[in-house]
Ligand code: NOJ
């Protein structure tokens, strides 16, 4: 039992930070704050306030209005000139952008430029692996590169704001949007989300190649019940703070320019009108004073949610929650002026929203340089393609490699290339690709032919035309190709439309007749390499024994083909690790490594449906927390991934076994490459807080490092933890640090590792 009274330090802010302040002092403080806001000495704030002071209420509300573009047209230009539009999304032609901008800058009363935006999620033209794939790299530099390349390409047509990164913690493979996330872990998502923000925003927003990033969807969207998109999220205070919010807090700390609220309701209150979430936590507690945009019609959707009765009430709730910009809700423009006149919305709240919008426009340099310079295209530049290939290589996870079928040996003279994803230039790019051109995609078939076509016999027979295809008439050709080859490369998976927004699945196995095709291929007795391109972990438990090797590549993007070819032939070595827990079957979802222990954790040798005696007594099997048909474990744990080499861990050392509140703990460990090729290993540090005033997860990732090692080389990997890493939020919405015992592991995935322990006094 811990001595909780010794110091249950309240490290975070309470719900009302001014609660214990003398009321007179409080009022004085507030007056001071307000006057500071108006008479700020910051030159940028001054510019914003000067401009704001010249604006009519209607012009202010116009700045809060974002609409979707549909080319240049007089109607839109007229609205812009009237000052009724602050931002346009989905306009991607530089000349159109400039023409619309001209209407704003030269045609409107105050000449305030438009902020053009777009969902540039994992690339603009050069498409990187889907975000979940990038997360599998566990390499912040790879993710940052993806953001940078996307920013350079998107900014070249005048887009200065993207709606990414999506940092919703996602634990359910059914949820179509898991593909857009950075996985299930708050720490990994925090680190990689910050890297993506850095990539998009560059060193300064003012740089013409920088685009404002957007932390979305605030918050709890990934907890959609049953993995069904847009569904309600029910999240306890403790889960919200410990699991769902940390990546957003990290995004604020990383300087993210904007936030987007989520579609979902969270514990009964839609995020778009959620004062506790947006105004209290984001703005007051975290001090974030950037732009918050609604999601597409998410303000209006508070009506069908049953939270407000009409659009006017929706607009009122959104502004009160400090949502600054209306994305295609058509709620602010028609109703806000009247709401102000009726005294339901304060003009001061409108002013603050507009300040945030104008400030971002100034920061992006739009007032000085509103037009985009039309230059030579930067699309698909050589170094963009090289970085996309690097990212695809690092995103691929080797999940099985029996008999070391990969990398293919020199003895291989012929390969069968089969499966619906072997040559699917559109689907290989994945979801949320509006601008990438499939004619630039290099598929595995194209890459294999280009690089090995002259040395090897490549027998191509897709077997199925697309992932949902049920027609088996090409099976015979695929099987014949397999028989005629030394090895079979089976490119399976999901079409890109199977994941992403509104694309949830209840069955997460291989769609169409792919399972049957794989079964037929396996009957040939040839070694089979299964390569899955998908937006989620595909249920593969039953098919896995049919294959020797399993490479999980997510949707790898434009350069997926060359990346996979390098991996297949050993020019590159797999180093990806799962950013999610891989279930055996869909019924295990939601499944995640940092779960609670329960009062009846399952042990080993559990009874299963296959071995339970007939008419077994009700409690004769023991009573523990597991599935009779799936066991207690996933197919592959979080953090798992193999290499063509092996790594040995030794010499785990802790700088102390007893810590006090302000101490730092240094943890070191030696990692050695014990195989024959160079490879990179993601070294992972987990802790477990054994006893807490609220129960703690069985493991929590606290640090990681990706190290490259030559054959035989050993490196000491060192991590430093402060006691901040040991804090957690309790059910009273307080962040606390509790003394007690901790276990610690350093290892190759969340289920294996060298173990030690320490005590926090
Ligand atoms: C809806 C999606 O939820 C959001 O992620 C996206 O940025 C907007 N639409 C704009 O397309």
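Quick rundown of the values:
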| item | result |
| --- | --- |
| Qualifying residue in the range 468-476 (condition: more than 27 Å from the chain's Cα centre (by Cα), on the phi > 0 side of the Ramachandran plot and in a loop (DSSP other than H, G, I, E, B)) | no |
| Subset of the range 39-90 that is loosely packed, with under 15 Cβ neighbours inside 10 Å, more than 33 Å from the chain's Cα centre (by Cα) and not in a helix (DSSP H, G or I) - its residue that is nearest to the ligand (Cβ to nearest atom) | 73 |
| Residue, surrounded by the fewest Cβ atoms within 10 Å (Cβ to Cβ), within the range 728-741, restricted to residues that are more than 29 Å from the chain's Cα centre (by Cα) and assigned to a strand (DSSP E or B) | 741 |
| Single residue of the range 176-188 satisfying the filter (in a helix (DSSP H, G or I) and within 14 Å of the ligand (Cβ to nearest atom)) that is surrounded by the fewest Cβ atoms within 10 Å (Cβ to Cβ) | 176 |
| Hits in the range 268-289 (condition: assigned to a helix (DSSP H, G or I) and either surrounded by fewer than 24 Cβ atoms within 10 Å (Cβ to Cβ) or away from the ligand (no atom under 16 Å from the Cβ) (or both)) | 273, 275, 276, 277, 278, 279, 280, 281, 282, 283, 284, 285 |
| Hits in the range 742-756 - residues which are in a loop (DSSP other than H, G, I, E, B) and surrounded by fewer than 20 Cβ atoms within 10 Å (Cβ to Cβ) | 751 |
| Residue 641 in contact with a helix residue (DSSP H, G or I) (Cβ under 9 Å, 6 or more places away or on another chain) and either surrounded by 15 or more Cβ atoms within 10 Å (Cβ to Cβ) or closer than 23 Å to residue 140 by Cβ (or both) | yes |
| Residue selected from the range 214-228 under the condition assigned to a loop (DSSP other than H, G, I, E, B) and out of contact with any helix residue (DSSP H, G or I) (no Cβ under 6 Å at 6 or more places or on another chain), by the criterion farthest from residue 694 (Cα to Cα) | 228 |
| Lone unmet requirement of (1) touching a residue at least 60 places away in the same chain (Cβ under 8 Å); (2) touching a helix residue (DSSP H, G or I) at 6+ places or on another chain (Cβ under 7 Å); (3) surrounded by fewer than 24 Cβ atoms within 10 Å (Cβ to Cβ); (4) under 30 Å from residue 473 (Cβ atoms) for residue 405 | (2) |
| Matching entry among 633, 663 (being surrounded by fewer than 20 Cβ atoms within 10 Å (Cβ to Cβ) and either out of contact with any helix residue (DSSP H, G or I) (no Cβ under 8 Å at 6 or more places or on another chain) or not assigned by TED's automatic domain parsing to the domain that holds residue 728 (or both)) | 633 |
| Among (1) surrounded by fewer than 21 Cβ atoms within 10 Å (Cβ to Cβ); (2) in contact (Cβ under 8 Å) with a residue 60 or more places away in the chain, the one test that residue 395 misses | (1) |
| Check on residue 378, assigned by TED's automatic domain parsing to the domain that holds residue 457 and either touching a strand residue (DSSP E or B) at 6+ places or on another chain (Cβ under 7 Å) or closer than 30 Å to residue 181 by Cβ (or both) | no |
| Qualifying residue in the range 214-226 (condition: more than 16 Å from the ligand (Cβ to nearest atom), under 13 Å from the mean Cα position of the chain (by Cα) and touching a residue at least 12 places away in the same chain (Cβ under 8 Å)) | no |
| Number of the condition not met by residue 256 [criteria: (1) touching a strand residue (DSSP E or B) at 6+ places or on another chain (Cβ under 7 Å); (2) closer than 18 Å to residue 201 by Cβ; (3) not in a loop (DSSP other than H, G, I, E, B)] | (3) |
| Residues located in the range 189-213, provided they are away from the ligand (no atom under 16 Å from the Cβ) and either in contact with a strand residue (DSSP E or B) (Cβ under 6 Å, 6 or more places away or on another chain) or in a loop (DSSP other than H, G, I, E, B) (or both) | 202, 203, 204, 205, 206, 207, 208, 209, 210 |
| Residue under evaluation residue 292, criteria (1) assigned to a loop (DSSP other than H, G, I, E, B); (2) within 16 Å of the ligand (Cβ to nearest atom); (3) under 30 Å from residue 203 (Cβ atoms), criterion not met | (1) |
| Hits in the range 297-327 - residues which are away from the ligand (no atom under 16 Å from the Cβ), part of a loop (DSSP other than H, G, I, E, B) and either closer than 16 Å to residue 68 by Cβ or over 26 Å from the mean Cα position of the chain (by Cα) (or both) | 306, 307, 308, 309, 310 |
| Matching residues in the range 80-101 - criterion: being more than 18 Å from residue 357 (Cα to Cα) and in contact with a strand residue (DSSP E or B) (Cβ under 9 Å, 6 or more places away or on another chain) | 90, 91, 92, 97, 100 |
| Residue in the range 475-484 that is touching a strand residue (DSSP E or B) at 6+ places or on another chain (Cβ under 8 Å) and within 29 Å of residue 177 (Cβ to Cβ) present | no |
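The values are calculated or read from the model by the stated rules, or taken from the named source; none is laboratory data. Computed from a predicted structure; not experimentally measured. A quick note on method: Cβ atoms are made from the backbone with ideal geometry, for glycine too, and the neighbour counts reach across all protein chains shown.
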